[in-house]
Amino acid sequence: IQLSSAIDTGLKMKELGGLYISFDGNKPKSLSNSSKSQKDLNNQDELLKKSVIVPEFEKKDAVPPYSESKHAAKLKRKAEREKTTGDGWFNMRAPELTEEFKNDLKALKMRSAMDPKRFYKKNDREGFPKYFQVGTVVDNPVDFYSSRIPKKQRKRTIVEELLADAEFRSYNKRKYQEIMAEKAAQAAGKTNKKKHMFHKKKINK
């Protein structure tokens, strides 16, 4: 039986640059060719990040500047700050105003006309708010059988909930009829007034 005093790993250590451990403290071991090439690639990637030649470079009208000016950097920081409300309001981001959000915000602004028995403070804001968040009311497990809204009756937006409310629809219908009747009465009064004035002028002649 012949015992081996070494293990053949199958790696060519001389081509890889030798072992990583050197017992000679005076002569530091040079890096292997593979590690050198990897380090060079990393340096090239870092340099290319600062390059002005980027994808779709040929489509640009002019060559972008290599260094950013102080004014451009200031405008960039200002634009980044305006994306959120800041630390005072937990960095709340400005959401994208979709049509559903716009309709819900309009309904909230006209909430005083929806319920005549409830008083709301007058809204002096013009336009839509820039920063807001939409939350979901989580049901209490204790009220599962008493005051829980079934999934079939749940709606995605405030406008859909209002349209599905029968009491709200009947109130709106009644108010619409009252307004139309009032407008019709005003129009009839103006017509009668014009006829009266025309008849009066005719008699004077």
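How do 122-131, 73-82 rank on mean C-beta neighbours within 10 Å, highest first? Don't jump to the answer; show the numbers that get you there.
Working: 122-131: 8.7, 73-82: 10.4.
Highest mean packing first, the order is 73-82, 122-131.
Return the Cα extents of region 99-187 along principal axes one, two and three, sorted largest first, each rounded to a whole Å.
56, 34, 26
Roughly how many nanometres apart are two label points built 7 Å out from the Cα toward the Cβ at Ala79 and Lys155?
The modelled label-to-label distance comes out at 3.9 nm.
Sort 174-187, 99-112 for me by packing, meaning the mean count of neighbouring Cβ atoms within 10 Å per residue, highest on top.
Values: 174-187: 10.2, 99-112: 13.6.
Ranked from most to least packed, the peptides come out as 99-112, 174-187.
Hey, got the Cα dimensions of region 65-130 along the principal axes, in Å, largest first?
Cα spread of region 65-130 along its principal axes, largest to smallest: 63, 26, 19 Å.
What FRET efficiency comes out for the pair Lys70/Lys106, r = Cβ-Cβ distance, R0 = 45 Å, nearest 0.05? Intermediate values should be presented prior to the final figure.
Numbers: r = 42 Å, r/R0 = 0.94.
The calculated FRET efficiency here is 0.60.
Which entries of Lys152/Lys173; Lys109/Lys190; Lys106/Lys183 have Cα-Cα distances beyond 29 Å here?
Working: Lys152/Lys173 25 Å; Lys109/Lys190 33 Å; Lys106/Lys183 24 Å.
Beyond 29 Å: Lys109/Lys190.
All of the numbers you see were taken from the coordinates with simple rules; none came from a lab. Since the model is a prediction, treat every value here as computed from it, not as a measurement. Cβ atoms come from the backbone with ideal geometry, glycine included; neighbour counts cover every protein chain shown.
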